[in-house]
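Chemist: Got a structure for you, questions after.
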Amino acid sequence: MIRTTTIIACLLLGACMVGPDYQRPEIPVAEDWHTDLDKKEVAEASLADQAWLDIFKDGQLQNILQQSLAQNKFMLIAMERIEESRALYRVGRAPLFPTLDIAVTGERESESGLVEADPRIAPEYFLGAAASWELDLWGKNRRRSNAAYARYLASEYGAQAVKLAVIAEVSRAYFNLQGTNSRLGVNYATLDAREQSVTIAEKRHRGGLTSSLEVKQAEVERAATASTIPRIEQTKLATENRLAVLMGLPPQHLEVTGALEDQFIPAKVTAGLPSELLERRPDLMAAEQELIAASESVGVAKARLFPSISLTGAAGYQTEEFGDLLDSDGKYWILNVDLVMPLFNAGARRAQLTAAESRFNQTRLAYEQIVLDALRETSDALNNFYKSGEALEAALDLERASSEYLVLATKRYRNGVLNYLDVLDAQRLLFEAQISASLAREDQLLALVDLYKALGGGWEPENFVPVEERD
């Protein structure tokens, strides 16, 4: 009696759903980032709240990013995954509703003499509609639909994560290429200076002013500078190829204009609260939707332990003469109620439930690890951004001091106070300082890219409208 009452209540209310309802895991999150550097800066909005066009203001980079987002193969794959998961969501949602088919059948049978007193060959025709519906007593179909919808949302958030990754990788390659061009320019300029030094040393040696040692020292410095150029050119070619492929193009030469020092660097940035990262980063939101899907799958497995009721029926016209198929006397209907009670399956359904619970636990642990990694990544990126700014200031100071030192060393050499070895040493120090300054500028821009990606910038979660809300 109690079981009958329960089934009737479920039929009337349609609200019996066995299995766990999803709750976000409690992950300990600090109140602030593991660095006090961001507390020194105050800004009206988090860096992640700004559109990528407002962060990467280089016109050529913006054009390259637009093309990459339209043609990058990983981006296109992500969009196709959305289409696939959207279709699968509709497939998973379909069992919530009855199915209705048009049926046209014709058969011809030879009757058995053991059943019919006058056996004969009898035709039979049917034209009508057939319907079936499994009553969702325990929420199995609703859970399955919820899981499919969560996987669809995961694909949507996943596409946003791919978009952000493409923006970051293209920007990194672009700044790498600008930095390589900068260092290549420094090497070419230094090589020209070394050539002039060799020429001067040779003239002074022919004039009897210096020994051959000065000439050899100048030649060594020239050769040392020349030896670095092939490696930089090799890096330049590889970076061009990487950027071209990110744009969806075959490897090719890409002429990048502009200079690192012309790039925009925000003077002040804030990262928001660590807890906000869970609602900001699309990869974390995608991982949570996968966790929701795993939770719903536990409910599906648990519902299989309970009885199921299916309604099937057909209505139309049935006759033994094809010409009488639409005759009103041939009206026919049938209604079936099928009750299936799980009795014995060697523990298979229980094992399926155990497996679903284990998959949920695995997904939960993976989600918790992803969150921890994201918090660490963001904390590191925030610290790196500030430290890269300090490193750039130090590198620029070194470059200015080295330039002044070379000017003074050259004057004192011409006045006979210093020997030529001191001038060559000053040139080497300036060369190294210029390379360090170029690397520091590039590192600061790369740190900005990493911070923007770690914070989940490049998209607006509040403007995201999933398919169910569009329908």
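The values are calculated or read from the model by the stated rules, or taken from the named source; none is laboratory data. It should be emphasised that the depicted structure is a prediction, and the values quoted were computed from it without experimental measurement. Positions of Cβ are generated from backbone atoms using ideal geometry, with glycine treated the same way; all protein chains shown enter the neighbour counts. Keep in mind that these areas ignore ligands, DNA and RNA; they rest on the heavy atoms of the full protein, side chains included. Shrake-Rupley method; radii C 1.70, N 1.55, O 1.52, S 1.80 Å.
Chemist: List pairs: first in the range 345-363 and touching a residue at least 60 places away in the same chain (Cβ under 8 Å) and within 15 Å of TYR22 (Cα to Cα), second acidic (Asp, Glu) and not in a loop (DSSP other than H, G, I, E, B), Cβ under 7 Å, 6+ apart or cross-chain?
Modeler: Here the result reads THR363/GLU290, each pair linking the range 345-363 to a residue that is acidic (Asp, Glu) and not in a loop (DSSP other than H, G, I, E, B).
Chemist: Every residue in the range 12-49 that is of a type in the set (A, V, I, L, M) and at pLDDT below 50, please.
Modeler: Residues satisfying the conditions are LEU12, LEU13, VAL42, ALA43.
Chemist: Now a separate question. So, in the range 341-371, how many residues would count as being within 30 Å of ALA30 (Cβ to Cβ) and either open to solvent by less than 80 Å² (accessible area, probe 1.4 Å) or not in a helix (DSSP H, G or I) (or both)?
Modeler: 9
Chemist: Here's something else I'd like to know. In the set ALA117, ALA122, ALA130, which member is over 26 Å from ALA271 (Cα atoms), at pLDDT 90 or above and aliphatic (A, V, I, L, M)? Don't jump to the end; show me each part of the working.
Modeler: Details: ALA117 fails: at pLDDT 90 or above; ALA122 fails: at pLDDT 90 or above.
None of the others qualify; the one that does is ALA130.
Chemist: If you take the residues of the range 415-471 that are among the polar types (S, T, N, Q) and touching a helix residue (DSSP H, G or I) at 6+ places or on another chain (Cβ under 8 Å), which of them is modelled with the lowest pLDDT? Spell out the reasoning first.
Modeler: Of the residues in the range 415-471, the ones among the polar types (S, T, N, Q) are 415, 419, 427, 434, 436, 438, 444, 463.
With the extra rule that they be touching a helix residue (DSSP H, G or I) at 6+ places or on another chain (Cβ under 8 Å), the set shrinks to 419, 427, 434, 436, 438, 444.
Numbers: ASN419: 81, GLN427: 90, GLN434: 95, SER436: 96, SER438: 96, GLN444: 96.
That would be ASN419.
Chemist: When residues of the range 213-264 are filtered for being part of a loop (DSSP other than H, G, I, E, B) and within 30 Å of THR199 (Cβ to Cβ), how many remain?
Modeler: Pass one, the range 213-264, residues part of a loop (DSSP other than H, G, I, E, B): 247-259, 263-264.
Cutting the leftovers down to within 30 Å of THR199 (Cβ to Cβ) gives us 259.
So the count comes out to 1.
Chemist: So LEU396 passes all but one of these: (1) in contact (Cβ under 8 Å) with a residue 60 or more places away in the chain; (2) surrounded by 14 or more Cβ atoms within 10 Å (Cβ to Cβ); (3) over 27 Å from THR99 (Cβ atoms). Which condition number does it fail?
Modeler: Condition not satisfied by LEU396: (1).
Chemist: Let me ask another. Just one of LEU406, LEU421 is without any contact (Cβ under 8 Å) to a residue 60 or more places away in the chain and open to solvent by 20 Å² or more (accessible area, probe 1.4 Å); which is it?
Modeler: LEU406
Chemist: I've got another one for you. Does the range 365-382 include one or more residues that are hydrophobic (A, V, I, L, M, F, W, C), closer than 30 Å to ALA193 by Cα and at pLDDT 95 or above? If you could, list the steps in order and put the result at the bottom.
Modeler: Going through the range 365-382, the residues hydrophobic (A, V, I, L, M, F, W, C) turn out to be 365-366, 370-372, 374-375, 381-382.
The next check asks that each one be closer than 30 Å to ALA193 by Cα; those that pass are none.
Checking the range 365-382: not a single residue is hydrophobic (A, V, I, L, M, F, W, C), closer than 30 Å to ALA193 by Cα and at pLDDT 95 or above.
Chemist: Then there is this: Among the numbered criteria (1) in a helix (DSSP H, G or I); (2) under 30 Å from GLN369 (Cα atoms); (3) at pLDDT below 95, which one does ALA271 miss?
Modeler: All conditions are met except number (1).
Chemist: Suppose we filter VAL170, VAL162, VAL166 for residues that are at pLDDT 95 or above, under 21 Å from LEU243 (Cβ atoms), in a helix (DSSP H, G or I) and in contact with a Pro (Cβ under 9 Å, 6 or more places away or on another chain); which single one remains? Give the derivation first.
Modeler: Values: VAL170 fails: in contact with a Pro (Cβ under 9 Å, 6 or more places away or on another chain); VAL166 fails: in contact with a Pro (Cβ under 9 Å, 6 or more places away or on another chain).
That would be VAL162, the only listed residue that is at pLDDT 95 or above, under 21 Å from LEU243 (Cβ atoms), in a helix (DSSP H, G or I) and in contact with a Pro (Cβ under 9 Å, 6 or more places away or on another chain).
Chemist: While we're on this one: Would the range 204-220 turn up any residue that is open to solvent by 80 Å² or more (accessible area, probe 1.4 Å) and in contact (Cβ under 8 Å) with a residue 12 or more places away in the chain?
Modeler: no
Chemist: Has the range 189-196 got any residue that is outside any helix (DSSP H, G or I), at pLDDT below 90, more than 43 Å from the chain's Cα centre (by Cα) and at negative phi? Show your work before the answer.
Modeler: At the first step, the residues of the range 189-196 found to be outside any helix (DSSP H, G or I) are none.
No, because not a single residue in the range 189-196 is outside any helix (DSSP H, G or I), at pLDDT below 90, more than 43 Å from the chain's Cα centre (by Cα) and at negative phi.
Chemist: Further, regarding this structure: Within the range 184-197, track down each residue that is surrounded by 20 or more Cβ atoms within 10 Å (Cβ to Cβ) and not hydroxyl-bearing (Ser, Thr, Tyr). Write out each step before concluding.
Modeler: Here is the first cut: in the range 184-197, the ones surrounded by 20 or more Cβ atoms within 10 Å (Cβ to Cβ) are 186-187, 190, 194, 197.
Within the range 184-197, VAL186, ASN187, ARG194 meet the criteria.
Chemist: Does any residue of the range 284-306 turn out to be under 22 Å from LEU177 (Cβ atoms), open to solvent by less than 60 Å² (accessible area, probe 1.4 Å) and part of a loop (DSSP other than H, G, I, E, B)?
Modeler: Step one: of the range 284-306, the residues under 22 Å from LEU177 (Cβ atoms) are none.
Checked against the condition, which is being under 22 Å from LEU177 (Cβ atoms), open to solvent by less than 60 Å² (accessible area, probe 1.4 Å) and part of a loop (DSSP other than H, G, I, E, B), the range 284-306 yields no hits at all.
Chemist: While we're looking at this one, here's another question. For residues that are closer than 30 Å to THR363 by Cα, among the charged types (D, E, K, R) and open to solvent by less than 30 Å² (accessible area, probe 1.4 Å), tally how many sit in the range 232-283.
Modeler: 1
Chemist: Looking at (1) in a helix (DSSP H, G or I); (2) open to solvent by 40 Å² or more (accessible area, probe 1.4 Å); (3) touching a residue at least 60 places away in the same chain (Cβ under 8 Å), which is the only condition TRP133 fails?
Modeler: Here TRP133 meets the rest and fails (1).
Chemist: Continuing with this model, one more query. Among what's in the range 84-124 and is under 16 Å from GLU320 (Cα atoms) and among the polar types (S, T, N, Q), pick the residue that is surrounded by the fewest Cβ atoms within 10 Å (Cβ to Cβ).
Modeler: If we take residues in the range 84-124 being under 16 Å from GLU320 (Cα atoms) and among the polar types (S, T, N, Q), then SER110 is surrounded by the fewest Cβ atoms within 10 Å (Cβ to Cβ).
Chemist: To continue, here is another question. Just one of ALA131, ALA148 is within 30 Å of LEU305 (Cα to Cα), among the small types (Gly, Ala, Ser) and within 29 Å of the chain's Cα centre (by Cα); which is it?
Modeler: Values: ALA131 fails: within 29 Å of the chain's Cα centre (by Cα).
Just one listed residue meets the conditions, ALA148.
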